[in-house]
Structure formats: structure tokens, C-alpha cells
1. Please state the Cα pair-distance histogram of region 36-104 with 10 angstrom bins from zero: what percent is in each bin?
2. Pairs of alpha-carbon atoms within less than 8 angstrom and 6+ residues apart define the contacts here; what relative contact order does region 36-104 have, in percent?
3. Could you give the length gained by full extension between T60 and F95, i.e. 0.36 nm per residue of separation minus their alpha carbon distance, to one decimal place?
4. Can you tell me the length gained on complete extension of the stretch S43 to V83, counting 0.36 nm per residue apart and subtracting the Cα distance?
Amino acid sequence: MSAINTNSLPARSLANYDIATRDRGTADLSAPDNVPSFKDMLSEHLKSVNLLQQEAGAATQQFVVGDGPEIHELMIAMQKASVGLELTVALRDKFLEAYRDIMRMQI
């Protein structure tokens, strides 16, 4: 499995947090306004994977009737859709594993 490209992930720095509250024992850990929420990021990923799947399906149908892309373009579209789906499944598995770990924690 290939490594995940972290260059596109939003970076957080300590400068984004309210350090002034540290002296009182609490810190403002809310995300800055320009960082999308986890829900938004996940939704955007699922939309892009769905779009890749639809594009690969449309390219396949066009290729079958002889009116579509060349074979190499079809294979590239299908591979992009496959990799996107594999990443989504891997993310789902990690989320479920983390959820199970949290549920097994003793209070």
C-alpha cells in the first residue's frame, strides 16, 4: 500500500491556539476558521470518490459502444476510481478500529 500524501492536509500550529488561556489552566482548542471540519473533509472525499466511480463507469460504457476514450485513458480512469475506493475502505477500517478501541476503554 502506498503512503498517504500529507502535503494536502491542513497543518495546525501552536500559533493557532489561544496561548493566553494557558496560564489559567485551560486552552482554546477550537480549530481556526480556515480549517474545514472533519465532517466536511470526509464528505468532500466521498463526493470525489463517487465522481471518480461515475466517470470510470461512463468511460467504460462509451468504450464498449466504440464512441469513447482510448484504452489507456479508460484504464487510467478505472485505476483512479479503484485507488480512491481502496483509500475509502482503508479509512473506514481505521475509523472502525478506533471506535472499537474507544468502546473497549475502561472508565
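1. Pairs per bin, as whole percents: 20, 35, 25, 14, 5, 1.
2. Reported relative contact order: 30 percent.
3. Additional length available on full extension: 9.4 nm.
4. On the way: separation 40, 0.36 × 40 = 14.40 nm, distance 1.73 nm.
Full extension of this stretch gives 12.7 nm more.
Only the coordinates and a few stated rules stand behind these numbers; no lab work does. As the structure is a computational prediction, the values presented were derived from the model and not from experiment.
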